[in-house]
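So the structure is just underneath, and the comments pick up after that.
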């Protein structure tokens, strides 16, 4: 009982998909414009700074998702990529007199290559074993920075050249917003491509994917490379917006953990999830500080609240905030975002 | 290169050899799982691989698809040595398999399951996958999550997904296990269709003797990793060693009908 001629069966499904994608793209463009208009509505440099940092968190969470969310391989090693990116930008500007654009490009490329190499070594491990293998990565990087102190300037870190750092807070905001839009666009391109579908197939069932002719190694290593490259880029942007860096700050394991938490709370495996997670995770403590509920970010009370939220999500909405919406009957089945 | 095939083509098997196993051997810590197995699959044939539990059938499939490394021996696909190749490379060369317990991608829709290998853009232009989906009635379920399908429908989806890639050989690991008789019919009809229309050869494991006898052109019987009998269904049914090793003494052909 065919309702459609044979050849249009797939075409109709594809056309429907394309219509939905167009809706998302136009909505996304609208939101991008709003993002650029936002500084007009912020009253002072401090608020712009908070907004900039929020965008950084969102960008990092999306970068993490490009590999871990899509492939299902949870990485606890992204702090290493983040810190390395910060150091590459820092050292390139401080020691080698490179401009910001060149330094950030270098962060992107070098960390991308480094992440691919890490993937080459560790991605033979499946599932949890990979997660465990990535745990020590940031710590190893920190030790390397200490060890190479004559070049890296060691434990105390260093400041970036003043002529590079000294920019209006709003400029930093616009640069950060631009790169957030870039990484989201790349994320959407991956998610809606056959490459993205292959990554998700690996997440769903790696053995079945391989049996269909998908190369798990090539797919995973390339995804980790792309994810690492963007994480490194945001690391570089972090160094630039902060103006200084220390190994303790940029290689802190909390970076990795927070990326995992943001993505899971927002909706692991989706692209909107880490955006929601990053927004909530970074803005909420600011609001709480404003209202004198907590004294500082990573206040004990706040960390306890994060823990409780995480438990609640795990118990009642395993797919996270956006993930749960996407699995509900209000969302068109199989439309990934 | 085809020396192994020569010895086993004496029973008048039609078609060229598409898959050939030569003295394939694998042991796990002293236990011989597959002990020097010779077998061939011919163009357009449905070849059966039967034997008691633990006789090495699934291991044989794993050795062919590269999931498990053989200790020794060779696997030739269309005359080409594929013995130490990686699984995905073998799949891309035209040898696909299905699994004993289905392995669809549960949180992907049927549409995504069917387009994951070739990419949606290309597949939408090709009608083969939709033609096959329509034959088994999956075309009305394109938007369903594969995990929400019944077990039998998942088996069909797995078969359609693989067939649409136009393999030259498909290995089916217990395609009829755990499905009802109606679904069994669907599966048999679909396999026959793909064999006839898409010129695909099949190598299948199953315990449903009636179906094996009906479907297969040639059957290999193994026990403890060694070949104990081979031939067309009638020959295998008449074989004493096979009866003892596998069917039990009470087996009478066609008794279930």
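What is the one condition in (1) closer than 22 Å to residue B:100 by Cβ; (2) in a loop (DSSP other than H, G, I, E, B) that residue B:143 does not satisfy?
Unmet for residue B:143, out of (1) closer than 22 Å to residue B:100 by Cβ; (2) in a loop (DSSP other than H, G, I, E, B): (1).
Scan A:243, A:334 and give me the residue that is in contact with a strand residue (DSSP E or B) (Cβ under 8 Å, 6 or more places away or on another chain), modelled with pLDDT under 90 and at positive phi. It would help to see each step written out before you state the result.
Values: A:243 fails: modelled with pLDDT under 90.
Only one candidate qualifies: A:334.
Got at least one residue in the stretch A:239-256 being buried (at least 16 other Cβ atoms within 10 Å of the Cβ) and either within 14 Å of another protein chain (Cβ to nearest Cβ) or without any contact (Cβ under 8 Å) to a residue 12 or more places away in the chain (or both)?
Yes - at least one qualifying residue is present in the stretch A:239-256.
Does residue B:245 meet the test of being assigned to a helix (DSSP H, G or I) and modelled with pLDDT under 95? Please lay out each step first, then the result.
Working: assigned to a helix (DSSP H, G or I): yes; modelled with pLDDT under 95: yes.
Yes.
So, restricting to helices (runs of 4 or more DSSP H) that lie completely within the stretch B:28-117, which ones have at least 2 residues that are under 17 Å from the mean Cα position of the chain (by Cα), within 14 Å of chain A (Cβ to nearest Cβ) and modelled with pLDDT of 90 or more? Step through it out loud before you land on a result.
Numbers: elements: B:57-65, B:87-92, B:110-115.
Hits in the stretch B:28-117: B:57-65, B:87-92.
Can you find a residue that is loosely packed, with under 13 Cβ neighbours inside 10 Å, within 14 Å of chain B (Cβ to nearest Cβ) and part of a loop (DSSP other than H, G, I, E, B) anywhere in the stretch A:90-113?
Looking through the stretch A:90-113, none of the residues is loosely packed, with under 13 Cβ neighbours inside 10 Å, within 14 Å of chain B (Cβ to nearest Cβ) and part of a loop (DSSP other than H, G, I, E, B).
For the structure I just gave you, tell me whether residue A:282 is free of Cβ contacts under 8 Å to residues at least 40 places away in the same chain and either in a helix (DSSP H, G or I) or more than 20 Å from residue B:105 (Cα to Cα) (or both).
Numbers: free of Cβ contacts under 8 Å to residues at least 40 places away in the same chain: no; either in a helix (DSSP H, G or I) or more than 20 Å from residue B:105 (Cα to Cα) (or both): yes.
Against the criterion (free of Cβ contacts under 8 Å to residues at least 40 places away in the same chain and either in a helix (DSSP H, G or I) or more than 20 Å from residue B:105 (Cα to Cα) (or both)), residue A:282 does not qualify.
Here are A:188, A:226, A:207: which of them is within 30 Å of residue B:164 (Cβ to Cβ), within 14 Å of chain B (Cβ to nearest Cβ) and surrounded by fewer than 24 Cβ atoms within 10 Å (Cβ to Cβ)? Don't jump to the end; show me each part of the working.
Values: A:188 fails: within 14 Å of chain B (Cβ to nearest Cβ); A:226 fails: within 14 Å of chain B (Cβ to nearest Cβ).
Criteria check complete, one pass: A:207.
Can residue A:217 be described as within 14 Å of chain B (Cβ to nearest Cβ), out of contact with any helix residue (DSSP H, G or I) (no Cβ under 7 Å at 6 or more places or on another chain) and surrounded by fewer than 24 Cβ atoms within 10 Å (Cβ to Cβ)? Quick ask: steps written out before the conclusion?
Numbers: within 14 Å of chain B (Cβ to nearest Cβ): yes; out of contact with any helix residue (DSSP H, G or I) (no Cβ under 7 Å at 6 or more places or on another chain): yes; surrounded by fewer than 24 Cβ atoms within 10 Å (Cβ to Cβ): yes.
The answer is yes for residue A:217.
Given the condition within 22 Å of the chain's Cα centre (by Cα), surrounded by fewer than 14 Cβ atoms within 10 Å (Cβ to Cβ) and not in a loop (DSSP other than H, G, I, E, B), answer yes or no: does some residue in the stretch A:151-162 qualify?
Within the stretch A:151-162, the first condition is being within 22 Å of the chain's Cα centre (by Cα), and the residues that meet it are none.
Checking the stretch A:151-162: not a single residue is within 22 Å of the chain's Cα centre (by Cα), surrounded by fewer than 14 Cβ atoms within 10 Å (Cβ to Cβ) and not in a loop (DSSP other than H, G, I, E, B).
Could you tell me whether residue A:58 is out of contact with any strand residue (DSSP E or B) (no Cβ under 6 Å at 6 or more places or on another chain), in a helix (DSSP H, G or I) and surrounded by fewer than 21 Cβ atoms within 10 Å (Cβ to Cβ)?
Numbers: out of contact with any strand residue (DSSP E or B) (no Cβ under 6 Å at 6 or more places or on another chain): yes; in a helix (DSSP H, G or I): yes; surrounded by fewer than 21 Cβ atoms within 10 Å (Cβ to Cβ): no.
Answer is no for this residue.
The values are calculated or read from the model by the stated rules, or taken from the named source; none is laboratory data. Please read all numbers here as calculations on a predicted model, not as lab measurements. All Cβ positions, glycine included, derive from the backbone under ideal geometry; neighbour counts span all protein chains shown.
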